[in-house]
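Accompanying notes for the structure given below.
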Amino acid sequence: MSKELVHTPEGVRDVYGRESYERSTVKHKIKEIMYRYGYENILTPTFEFFDVFAKEISQASARDLYKFFDNEGNTLVLRPDFTPSVARCIAKYFMEDTEPVRICYSGNIFINTHRLQGKLREHTQMGAELMCDGSVNADAEMIAMMIESIRATGLTDFKVTIGDADYFKGIIEEAGIDEDTEDQLREYLSGRNYSALEDYLHQLVKDGKIESKFADILIHMPDFTTADELEEGAADLTNTRSRSSIERLKNLYHLLDVYGAADNVSFDLAMLSEYNYYTGVMFRAYTYGVGDAIAKGGRYDNLLSKFGKDAPAIGYMVDLEYLMSALYNQKIDIPYSQEPDVVTYDESDYEQKLAMVQNKRAQGYYIVLKHK
Amino acid sequence: MRYLTFALGKGRLVKSTMELLEKCGIQCEEVTDKDTRKLIFTNEELKLRFFLAKGPDVPTYVENGAADIGIVGEDTILEEERNVYEVLDLGFGKCRMCVAGPPQAKELLSHHAMIRVASKYPNIAKNYFYNKKNQTVDIIKLNGSVELGPIVGLSDVIVDIVETGSTLKANGLEVLEEICPLSARVIVNPVSMQMENERIRKIVADMKKALMSE
């Protein structure tokens, strides 16, 4: 056998042995939480038409998709994200339904990231989507489930931040900011580049492009705040979009408290939607030992209508790659329940041992039978 | 308390950075000690760690969370396009990203005809020519002494950092177009920003205050 064939391509890897067991233990625990909330499993194809994802992602990330053609010339992609696939599927099979639909999934996504950055190109994600329910109760159910899923894995030291896409959009509308200026503001805000943001806003005020009141609001957007301080975010705003987003976040916090999930929660009003499809509340979970969010999600009330069904929806997903490295990094014990017992035989007692082992296996024990 | 880790871009920025941090009450003299063989320096009192890395590696350390805070030139940030928060302009280490070449090459930049561009910064060069100037270019990645490109005929122009312009001048080249001004920046890992929000914001605010009082 040629030696090169033992390697995997860059960005993908084998998971085996103990790690593989631990991974399925963690997956099982998360899935269990989703089932307890009454979410039904769904399987969507690994590849889909490019157009399913095309409109929802930025051009830069469109380049990072694995694309190929079928023999009729259609462009196909390996899914980079589950949400559009699930939305497509639900829009198709539940077109007439108005009842809320609760769906969960687990599987792999593929992103063709740049070379040599130490990032995997195949990630396992587990997620849940609650469709046809636009209420704040649905928001709370999602976030509470996300927090419970993380807790179920044994991770305790993590933080959840919540923002709302409407808050920023409301300010932009009220201040009458044009699209180019908005893009520039978004760039500074999403990079948390407050000094550049401040200079830029002062210049805008000087040029008479926005009122100084809005410049102040944007500079002081509360990006790490408790529920009690949320009110300050709406103090100087008159537009209903921003104000109702603050109201909603306050209600949401109250509900999370009822769920017993409010401990790790803070609010970040400067959080902007990274996918174009988020329309309302957005949330992320962070912990030590990984450079990215271990779980995230948000409301996407316009996505289903792109597939012909006009209905609100919200979802979250846990990234198993990041979660597992956080668990390992923080040395959190993952129960290793499936480690099999070993029974040995020699020529004389093989049949007797085999019968005993088969009997035990039938009772649910994990047993390896091997030669002494 | 956890350690907060700083990644500092090696070279001219280190001294100014440490002076600035000293004004904020953060000391770590070993960092500027040229004779040391140590790679990581610690301030036990404030639970801070510092290490020096090659400029282009700083955003990589910060993006992956191996460092919480990085201090590096904006040229590197623009070139690497990493997912990091860029929180403060330090104002020092000022220079410009420019298109440079022999004076007669200026003519080539006013058309849309294909030219060859040598640079240590292929992404910045590509972005400037494709998206701002709409000019097709052939980019040649070099790792140093980029000025050689037009002199030996490898390329028509170069894209590089210009501080005083004396290297260009000594080689018969000049600045043909300015792409953008540059300075040193503070970058922060997005997860660290959430997990250690208070400490990081305080450090950044202190640095800003120290800069203002200069």
query = Is it the case that A:LEU120 is touching a residue at least 40 places away in the same chain (Cβ under 8 Å) and surrounded by fewer than 19 Cβ atoms within 10 Å (Cβ to Cβ)?
reply = yes
ask   = Which members of region A:116-132 meet the condition of being touching a Lys or Arg at 6+ places or on another chain (Cβ under 9 Å) and either more than 14 Å from chain B (Cβ to nearest Cβ) or of a type in the set (Lys, Arg) (or both)?
value = A:GLU122, A:THR124, A:MET126, A:ALA128, A:GLU129, A:LEU130, A:MET131, A:CYS132
Subset of region B:182-192 (residues that are within 8 Å of another protein chain (Cβ to nearest Cβ), surrounded by 23 or more Cβ atoms within 10 Å (Cβ to Cβ) and not in a loop (DSSP other than H, G, I, E, B)) = B:VAL188, B:VAL191
key: Given (1) modelled with pLDDT of 90 or more; (2) surrounded by fewer than 21 Cβ atoms within 10 Å (Cβ to Cβ); (3) in contact with a helix residue (DSSP H, G or I) (Cβ under 6 Å, 6 or more places away or on another chain), index of the condition A:GLY289 fails   = (1)
request  = Could you list, in sequence order, all residues of region B:84-105 that are part of a loop (DSSP other than H, G, I, E, B) and either within 14 Å of another protein chain (Cβ to nearest Cβ) or farther than 21 Å from B:THR17 by Cα (or both)?
outcome  = B:VAL84, B:LEU90, B:GLY91, B:PHE92, B:PRO102
Conditions (1) more than 14 Å from chain B (Cβ to nearest Cβ); (2) out of contact with any strand residue (DSSP E or B) (no Cβ under 8 Å at 6 or more places or on another chain); (3) at negative phi: number failed by A:THR113 = (1)
inquiry  = Taking the criterion of being among the hydrophobic types (A, V, I, L, M, F, W, C), over 30 Å from A:GLY289 (Cβ atoms), in contact with a strand residue (DSSP E or B) (Cβ under 8 Å, 6 or more places away or on another chain) and part of a loop (DSSP other than H, G, I, E, B), would at least one residue in region B:156-164 satisfy it?
reply    = no
request  = Would you check if B:ALA113 is within 14 Å of another protein chain (Cβ to nearest Cβ) and assigned to a loop (DSSP other than H, G, I, E, B)?
outcome  = no
remark   = Every listed condition ((1) outside the structural domain of B:ILE203 (by TED's automatic domain parsing); (2) farther than 25 Å from B:LYS169 by Cα) holds for B:ASP89 save (1)
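The values are calculated or read from the model by the stated rules, or taken from the named source; none is laboratory data. Not measured: the values here are computed from a predicted model. All Cβ positions, even for glycine, are placed from backbone atoms using ideal geometry, and neighbour counts span all protein chains on display.
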